[in-house]
Each structure stands twice: as structure tokens, then as C-alpha cells.
Amino acid sequence: MATTTVARRAGIRLPAWRADVAIVAVAALLLAYLTVVPLVMLLLGAVSASGSALDFQFTTRYLERVLTDQASLELLANSVMYAGGSAALAFGIGTGVAWAIERTNVPARSLWYGIALVPLIVPGIVHTIAWLFLLSPEIGWINAPLKAVFGFSLSVYSLPGMMWIEGLHSAPLAFVLMSAAFRAMDPSLEEAAAASRANAWKTFRRVTLPLLLPSVASVLLILFVRALEGFEVPAIIGVPGRIFVYTSRIYLSLKLYPPSFGLAAAYGLVLLAISVVGLVLHRRATRRIERYATVTGKAYRPRRLELGRFRFVALGGLGLYAFLAIVLPFLVLLYASFVRVYSVPSLESLRELTLSNYAFILNDDLTRTAVFNSIVLGVGAATAVVALTAVIAWVTVRTRLPGRGVLDFLAFVPITIPGIVLGISLIWVYFTIPIRIYGTLWILLVAYVTRYLPYGIRGTSAALIQVHRELEEAAAAAGARWWPTFRHILLPLLRPALVGTWIYIFIVSLRELGSGVLLYSTQSVVLAVRIFDLRDSGNYTSIAALSIFLIILLVILVTVLQRLGGRTIREA
Amino acid sequence: MLQVEGLRKTFTTDRGGVRAVEDISFTVQEGRFFTLLGPSGCGKTTTLRCVAGLERPEAGTIRLDDAVVSGPGHFTPTYARDIGMVFQSYAIWPHMTVFDNVAFPLRVSERPPSKAETRRMVEEALALVGLEGLEERPAPQLSGGQQQRLALARALVRRPKILLLDEPLSNLDAKLRERMRIELRQLQRRLGITTIYVTHDQGEALFLSHRIAVMQAGKIVQEGAPRDLYRAPASGFVADFVGEATFLPGVVTAGGIRALGGVVTCALADGLAPGEKGLLVLRPENIVVRAQPAGVPNEFAGTLRVAAFLGDRLDCVVEIGDLLVRARAHPTTQLRRDQKVWVEFPIEHCTAIPDDGWRPRALARTFDDEES
């Protein structure tokens, strides 16, 4: 009797238990394949004497070189200076803009907020090319007149030049993060200081600044890591200027003869280590923000500083930022796209405007392939990531299954892997295991999916956490089985967030360069890589046309998709 | 009718604590309003969720009208139980209109009623809670009180055998809460639907229930009608949780307990013998405070430390030796802070119970610093 009860109970409970565990196991294996395998291969690659992990022979040759030789130490110094300088600049600009918009009475704040977000759309490579046009030593828009009048020019091919371009490009990110930090601060904390008879300066120094300090640290660290991982500026400006950092060195280890996969992996490992340290520190700083609990998710109405006469100084500052970050780069690209040979604009050059660059890119087979590939990859990566992370998020947020924490962690791991390091890791993976996808779109899809897993998991878990568990339970209590509950309750409520995550991944994938640049072939070329390639052939005016095309494509996509997404949000 | 026998459920919460329900048994008769009352973490919500099928008990049997819905080797999933449930957050689906929210249980049922019948039933349910005419309103546009009614209409629309309510009033403001509990009581009495109600608010429990089960640390410590729980609490915990009380602990003697430097005359609860530790529970409304001694039994002299005017009464705290006694006097009584008073514990209201060691949170003795 007792045994039959036990058996019956086991018979009923076990299948359900197995299905749960099977889902978790499959998801864990898939995640491990996407994140752990490349990292292991990177490690093996860095200590392998042969070019393959199959006939593995241990060597510390590459690591020794990467960690000890003079050129490598210079590389470290360059990388840290470059990333630090860019981060500081981006932080300065972004915080200034955020402060003006969030904490002062500068005119047309909400309009400026929108404008400050615009540069986020511009791909790094396009931004970099535009500033090359502006600061090129001989013919740059800024340098040519400088040289004519003052007899000197600003060299873009320098560390400060690189910092300027990268810093300006990352400023919108700093703006978004700092503006969130400003908003999340409860103004009553400052009011309490004022009520304790602290004047404006003391309030700032004793209350505002200490409260913002963790945010400042976390934003600086994220900017630093991003600059360190960036490939566009180091490759396009740094390489010709002979200022090397890790990302460009990894690229060159493979592109210069003789290519050394071991050296590339060793450099990749060092870059990964620095990036992990940066992000761990970032996570710590963020924890402190949570402990201070000024970030409650609640939007406060902040106290705004009355600028008085200085309102127009602030306005001028914002205008200058918009001019440098948006107007000027766009104008120079637009101009360059309509001329045969790039030069400083003159009456003659304006008289000879041409559509030939656009004709070239529209008729160029590789460009057409790139557009097609980019869209296919974007759709594929966004769909795969959202589907996979939605399942993982459901497991981690809604169930008590064992191993759910591991899933969450694995999905977050790729945030530490720089694009180019992922590229070299995947080369090692697919040189070693017998899945022949190197040089096809599939390897790019694998790279993109891995790279965007963290964005996916962040978006989908946030969405699931927002949907109160009781909303699902109420459906069960109303007599609905699993499927009607999913279809009528969960899916409609999750849709806006899922669509939003999908759009975000789709857009960023269209701009992706770092992870693709080591993995593509002529069949699997993508947009950003195509721009990068055209530059090798010196075809700068066509690049300008393709850049304008890419910007217009992105603006249209963002507008249309936002509207679609916005409608689903309003519906819900 | 609902029968729960030997229910057990253990799990770790998200914060790592272990919560458990151990050996819970109770029966709710047809048409009765039954309340599970206890502090947070006592297992009352877990018990309710087991009845709903949202948690799977480890042991025990749950019978709904003689049919086992949960027992050894058998577990009826939530959707197949004939229940209606109102959640603490109301769980109103924000992407639906009022009508769609209420119609959902009908539409997903095994044999969905016709469109006309659905409309009729939805309108009837909405009329029941006073939401008629709001059918096409998007649910998020309702006020808190309206959402609460909507949740009730949705729980009632398919006329379930049993209605489960999980702290439904806790998210409302005080005034609205008071009104809603009147409506809820009238509705339940009129429909005669068997109801289980979970709350930590003893006022709600007393107001609404036919029977109350007081829970402490995963167990039911006392079950009874509201009147009996209040008058004859079985333990210090129950006395403290249901209503306000001053505790007078002491050793039991024949006909009283030794306390306040003498013997307080009182009756003894069953099973309490002289020599044991007893507890005298004094309700504030039963204590008489006078400016002059009346020469009655159980009268003690003390100093009035607090006399706060609350409109319908005067809330008093009297210091007798090192004991602080909470009492209630008529609002027109002329008493002043720090004056000498005489307090009577009327014998008919005094019964000593076994002392379980539970003590109410002590009143801080800082009245001297306070402005009155």
C-alpha cells in the first residue's frame, strides 16, 4: 500500500520534474557553448604552440611576450591612457549636458534631451570617419583653415586626437547614465541639508557629491571599459598614426604577415582580464548605489538651479555640443558623399557635385550583400537572443529550479568579452571543433548572439519582474490552463518589453564592427565591415555615401520600429 | 464545505529564510466566513495558496465538498479547482477592459457560455460589487477601491464553491478599507458563499468572520468565534494579537495570581493549578480608572502617565509600581496627567490563563519627556 502510493506519487511528479530540468539543462548547455567554450579556447589558444588546440603543446612564449616585452608595456600604457582619456572626456561632456538638462532651468529641456540622444544612433565607424574628414592633417575642414591662418594643424593621428573622437562618441552614454543618476536622487535629501542650514556649496559638497560618487565611479568605469574594447578609433586613427592599443594589436597580429593566432589570443586574454577587473569594480560601485538607495526607480522632480543670465551660456554649451556631435560630422559626410575627391569645400568643388558615389555603392555587389547580410543577421540575432533569454529569464525569475543562478550568470558573462576578443576566440573554436562555419554568416550569427545575450537577459528579466506573479496566478485561479494563461495574459503583458529588446539588439547589430572584422568573408560581409574595407582601398568618398546611407537606414528603422513598439506599449 | 487535514509545506523564501506550515487542520462549514489571522510569516498565505493549488503541499489532505483536491498521490491543479480568488495586489490584468477581466474566467472554462449569457453573467457580477456601467473602461483607469471591487467581481463571476481572499484590503487607505469591509461582509452574508480570508489585521478578522483561526509560526494556535477569541484567548500570543491588552504575569494561588505586591483576584482557566505560572490578560475597556478610591476588590493605586483624548474615549496609561496599564475612560472624564488614580480590575473580567512566555512590546517609559 505504502509502496504503491510512493510509486504513484513518483509516477505523477517525475515527468514534470524532468521537463523542467531538461529545459534548464538545454539552456545551460547552449549558454555554455556560446560563452564558456570561446573563453576556454581563448585560454588554450594563448598557451598553445601550434595553431590548433587539437595537437596541443603548452607554451608560455606568447604570454611572456605579451606581459613582459617593451613594446607590450608600451601597448598597455597606450591602452590605459587612451581609454582613460576618452572616458574622462566623455564623462565631462556627458555630465555637463546631463546637469544642464536635468538640474538647471536652461530653455527647451525636453527638446535638448531628445537631441542629446541622437548621436547614440551613429555607428562608431561612421563617427570616426567623419572626424577624419574634419581633422585630417592637410585637408580636414578644421585643419585647412587653421593651417592657412596660423600655420599649424591639429593632428588627428595622435593620442589626444583618438581620445577626442572616442570621447565625443561615448558622451551620449555618459549623458544617459548621469542623467538617470541625477533623476534618481531624492531632492528632499538636499532639502534636508538646506533645512539643516547648509548653504548651496556645502549642500553640494557634503550631500550631493557623496551621493553621486558611486554613480560617477560606475559611469567612469563603464566608459573606460568601453573605450578599451572599442575597435573603430584604434584601427582607423591609431594604426595609421602608429599608436597601438590592444584591440588594434590583436587585429594586426592576424592581418600582418606572418599571422600569429597565439599572440592574438594572448593579447585578447590580457584585454579580457582588464575588462573583467573594470566591470567587477563597476558592479561594486553599482552595489554601493543600491545601498545608498538613492536609486529607487522612482522619478523625482529635481531641484533646478536658476541660472539667471547664465542660462544662455548653458544654452550655448548645449548648442556647441550638438554642433560638434551631430551637425558637423553629418555635414562633412554629406559633402564628402557628393564630391569626386575629398577636399576642403570651395566654389569649384561645390560646382562639381556628383552622385557617382551613391551610384557606386548602389551598384556595388559587396555593398548590396552587406546590406542584406546585416539585416538578416540583425533579425536572426535579435530573434534568437530574445527567444533564448526569455526562456532563461522565466526560469530565473519565476521558478525555484536548481541551477537557475548559473543560467543568469552565464548569460551575463559576454558583457565582459570585447568584440574583437570574441572574434579571435571564435576563430580558435571553429578551427578546433569540426563545425565548418568559419567564413559563413553562421559564425557571425554565433558571435552576435553571444555578444547580445546580456542585453537580452537584462531586457527580458526586467520585463518578467514587472509582470507581477499574481497576474498569472489569477488566471489559474480563474480556471485558465498553461496555454491560455501564456497567450492571453503573459504574452500581451511582455510584448512591449520583448519588442523593445528586439529592436535594441537589431539596431546595435547593424552597427557591429569589432566581433565581425575577424570573422567575415566576401560572402558574409556586413555594413560596418564594408565601410572598414572601402577605407583600405582608399575610397573615402564612397565611404561617405555609404555612411550617409547607413545613418538614413538607421534613422528610418529606429523611427518605424519605435513607432511600432510604441503602439504595442500604448495598447498594453 | 472545505476540509484541511494535516497540511504541511516547507520552502525557502527568496531571501533564504525557511517558512513552514506544519500540521494545519481546519474545517470551514458551508456558507461561513473563515479567517486565517496571524503576523507576517506565520504561514497563513501559504495555507491559502495550498487551498488554491498555487502551492503543492508536502503532506495533508484538502477536500472541497468531499472531493479530494490535494492529498497523497493526488493534486488538482489550480485551474481545475472550483474557486474564486482575490489577490493582495488585485492582479487586475492591465491590458484588458473591466468587461474582459470579468469575462475571462467564463471564456476559458471547459464549456464557455454563449456571448449573451457571458454578458449577462458579467453584468450581474459587476452589479454585485457596484461597478455597473464601467464595462468598457480600461482596467488601469480604475481607482484602488474600484480595482478591488473588480477583482471581487472576477472571483465571483463563475459562482465558485469557495471564495479565497488574500489580504484584499491591505492596499487601500484607512477610510476606504473601513467601507469595503462593510460591503464585503454584507456581500458574503447575502450570497452565502463559503469564504476563506487571510489577514494580519485583527480588526478586519473580528469584523468579518464567523470563525477565526489564529496562526503563529506555521501552526494554528487557537480557533473560534470572534467573541470567544477575544474573551478567552488561549495564550498570551492570541491575547496580544487579537485586541489590546496589558499582561499581568504571576504565580497562581487559590482564587487569584500573585502580582502587584499582593494577590489579584481572578478566575482560573481550565487546567491551571495553583503554583503554576499564570497570566492575567486585562483589556483596556474593562479597566476602570477613578480619581478617588471606590473601595472595591482588585483596586490598585497608581499614577496617570498618559491621558490622550481620542474623541470617543480617553486613552490612559497608568503606572502601578513598575507595571504600565493601558486603560480606557469616558471622554468626558476629568483626569490630568501625573495625578494619582485608582484602577479597578473588575473580577468578572479577570481570568488567568497559562503563561506561554509571550509579552507585548513594552511601552517605553519616557512619558516624563513628552509634551501632553
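The values are calculated or read from the model by the stated rules, or taken from the named source; none is laboratory data. From a predicted model like this one, the values you see are computed outputs, not experimental measurements. Every residue, glycine among them, receives a Cβ derived from its backbone with ideal geometry; neighbour counts consider all protein chains shown. Just the protein is used for accessible areas: all its heavy atoms, side chains included, with ligands, DNA and RNA removed. Shrake-Rupley method; radii C 1.70, N 1.55, O 1.52, S 1.80 Å.
Using the 2.2 N^0.38 Å rule of thumb for compact globular proteins, work out how chain A stacks up: its C-alpha Rg over that value, please.
Numbers: Rg = 26.0 Å, N = 572, 2.2 N^0.38 = 24.6 Å.
Relative to the 2.2 N^0.38 Å estimate, chain A comes out at 1.06.
In nm², what is the average projected area of the convex hull enclosing the Cα atoms of the range A:378-454?
5.7 nm²
Between B:V263 and B:D23, what is the FRET efficiency for a Förster distance of 45 Å, r being their Cβ-Cβ separation, to the nearest 0.05?
Working from the Cβ atoms, E equals 0.70.
Net charge around B:F33, counting only other residues with Cβ within less than 14 Å of its Cβ (Lys, Arg = +1; Asp, Glu = -1)?
+2
Any chance you could check the Cα centroid distance between the range A:372-412 and the range B:158-186 for me, in angstrom?
One Cα centre to the other: 40 Å.
How many partner chain Cβ atoms sit within 10 Å of a residue's Cβ in peptide B:155-162, on average, as a whole number?
Whole-number average of other-chain Cβ neighbours for B:155-162 is 1.
Please name which of B:P140, B:Q334, B:T45 has its Cα lying farthest along the dipole of chain B towards the positive end, using unit charges on Cβ (Lys, Arg +1; Asp, Glu -1) and the Cα centre as origin.
The one lying farthest along the dipole's positive direction is B:P140.
Considering the Cα trace of the range B:234-368, what is its radius of gyration and what is Dmax, both in angstroms?
Gyration radius and largest Cα-Cα distance of the range B:234-368: 14.6, 43 Å.
Given 0.36 nm per residue, what is the gain on full extension from A:V276 to A:R109 after removing their alpha carbon distance, in nm?
Gain on stretching A:V276 to A:R109: 56.4 nm.
Got a sec? Which residues in the range B:271-289 would a label at B:A254 touch, if it sits 7 Å along Cα→Cβ and we count backbone N under 17 Å?
B:272-276
Okay, helix-only estimate at 222 nm for the protein assembly as shown: each DSSP H run of n ≥ 4 adds -39500 (n - 2.57), divide by all residues, round to 500 deg cm²/dmol; what do you get?
One gets -17000 deg cm²/dmol as the mean residue ellipticity at 222 nm.
Among B:P274, B:V86, B:L128, whose Cα projects farthest towards the positive end of the dipole of chain B, with charges put on the beta-carbon of Lys, Arg (+1) and Asp, Glu (-1)?
B:L128
To test your reading of the geometry: what angle, between 0 and 90 degrees and rounded to tens, separates the Cα axis of helix B:174-191 from the longest principal axis of chain B?
Taking the Cα atoms of chain B, the angle to B:174-191 is about 60 degrees.
Count neighbours as other Cβ atoms within 10 Å of each site's Cβ, and list the GluC sites (Glu not before Pro) in the range A:45-152 that are DSSP loop with at most 12 such neighbours.
A:E138
Can you list the GluC sites (Glu not before Pro) in the range B:55-128 that are in a DSSP coil and have 14 or fewer other beta carbons within 10 angstrom?
Loop-located and lightly packed - B:E58, B:E110.
Setting aside same-chain residues fewer than 8 positions from B:K175, which aspartates and glutamates have a Cα under 20 Å from its Cα?
Of all the aspartates and glutamates, those that pass the test against B:K175 - Cα under 20 Å, at least 8 places apart if same chain - are B:D166, B:E167, B:E183, B:D201, B:E204, B:D312.
Restricting everything to alpha-carbon atoms, can you work out Rg to Rh for chain B with a Kirkwood hydrodynamic radius?
Details: Rg = 24.5 Å, Rh = 23.3 Å.
Computed over Cα atoms, the ratio is 1.06.
Per Stokes-Einstein, at 10 °C and 1.306 mPa s, what whole-number D in µm² s⁻¹ belongs to the range B:254-314, with the Kirkwood radius over Cα pairs as the hydrodynamic radius? Intermediate values should be presented prior to the final figure.
Numbers: Rh = 14.1 Å.
The diffusion coefficient I find is 112 µm²/s.
Mind pulling the per residue volume of the convex hull built on the Cα atoms of the range B:155-230? Å³ is fine.
110 Å³
If a cysteine in chain B has no other Cys Cβ under 4.7 Å from its own Cβ, put it on the list, ordered by number.
When partners are defined as cysteine Cβ atoms under 4.7 Å apart, chain B leaves B:C42, B:C50, B:C316 without one.
If the chain between A:V379 and A:L76 were fully stretched, how many nm would it gain, using 0.36 nm times the residue separation less the Cα-Cα distance?
105.4 nm
Quick one: putting +1 on the C-beta of Lys and Arg, -1 on the C-beta of Asp and Glu, what dipole do you get for the range A:293-433 around its Cα centre, in Debye to the nearest 20?
In total the dipole reaches around 960 debye.
If eta is 1.306 mPa s and T is 10 °C, what Stokes-Einstein diffusion coefficient results for the range A:108-243, Kirkwood Rh from Cα pairs, in µm²/s?
Roughly 90 µm²/s, to the nearest whole number.
Semi-axes, largest first, in whole Å: what does sqrt of 5 times each Cα gyration tensor eigenvalue give for the range A:385-543? Please report the intermediate quantities before stating the final value.
Details: eigenvalues 290, 64, 31 Å².
Gyration-tensor ellipsoid for the range A:385-543: 38, 18, 12 Å.
Accessible area lost on pairing A with B, both sides, 1.4 Å probe, Å² to nearest 100?
Values: alone 27490 and 18300 Å², together 43480 Å².
Buried area (both sides, nearest 100 Å²): 2300 Å².
Using only alpha-carbon positions, what ratio does the radius of gyration of the range A:410-502 give when scaled by 2.2 N^0.38 Å?
Compactness ratio reported: 1.51.
Normalising by the residue count of chain A, find the relative contact order in percent from Cα pairs under 8 Å and 6+ residues apart. Before the final figure, lay out each step's value.
Values: 789 pairs, mean separation 114.2, N = 572.
Across chain A, relative contact order equals 20 percent.
If you count, for every residue in B:83-95, the Cβ atoms of partner chains within 10 Å of its Cβ, what is the mean?
Per residue, the number of nearby Cβ atoms from other chains is 6 on average.
Quick check: net charge around B:T47, other residues with Cβ under 14 Å of its Cβ, Lys/Arg +1 and Asp/Glu -1?
Values: positive: B:R8, B:K9, B:R19, B:K44, B:R49, B:R56, B:K219; negative: B:E5, B:E22, B:D23, B:E55, B:E58, B:D166, B:E167, B:E223.
Result for the local shell: -1.
Explain nothing, just the number: dipole magnitude of chain B about its Cα centre with +1 on each Lys and Arg Cβ and -1 on each Asp and Glu Cβ, in debye rounded to the nearest 20.
Dipole about the Cα centre, nearest 20: 700 debye.
Quick one, could you list the DSSP H helices from chain A stretching 24 Å or more along their long axis (Cα atoms) with average Kyte-Doolittle hydropathy of -0.5 or above?
Going by DSSP H runs, the hits are A:2-31, A:70-103, A:159-184, A:209-229, A:261-292, A:365-398, A:441-466, A:491-511, A:540-571.
Averaged across orientations, what area in nm² does the convex hull of the alpha carbons in the range B:79-233 project?
On the way: hull surface 39.9 nm².
Averaged projected area of the range B:79-233's Cα convex hull equals 10.0 nm².
Assuming 0.36 nm per residue, please report the length gained on full extension of the stretch B:T303 to B:E285 beyond their Cα-Cα distance.
That pair, B:T303 and B:E285, stretches by 4.7 nm at full extension.
How large is the charge dipole for the protein assembly as shown, taken about the Cα centre, if only the Cβ atoms of Lys, Arg (+1) and Asp, Glu (-1) carry charge, to the nearest 20 debye?
With Lys and Arg at +1 and Asp and Glu at -1, about 780 debye.
What net charge is computed for the residues neighbouring B:S89, neighbours being all others with C-beta under 11 Å from the C-beta of B:S89, Lys and Arg scored +1, Asp and Glu -1?
Charge balance near B:S89 sits at -3.
Calculated FRET efficiency, B:S114 and B:E30, Cβ-Cβ r, R0 35 Å, to nearest 0.05?
0.70
Quantify, in whole percent, the carbon and sulfur part of the accessible surface of the protein assembly as shown (1.4 Å probe; protein heavy atoms only).
Ligands and nucleic acids excluded, carbon and sulfur give 60 percent.
Which one of A:L29, A:A46, A:H468 has its Cα pushed farthest toward the positive end of the charge dipole of chain A, where Lys and Arg give +1 and Asp and Glu give -1 at the Cβ?
A:H468
Provide a whole-number value for the mean count of partner chain Cβ atoms within 10 Å of the Cβ atoms in peptide A:464-476.
Per-residue shielding by partner chains comes out at 6.
To the nearest 10 degrees, how steeply does helix B:98-107 sit against the main Cα axis of chain B, on a 0 to 90 scale?
With both axes taken from Cα atoms, the answer is about 70 degrees.
Order of B:202-210, B:263-271 by packing, highest average Cβ count within 10 Å first?
B:202-210, B:263-271
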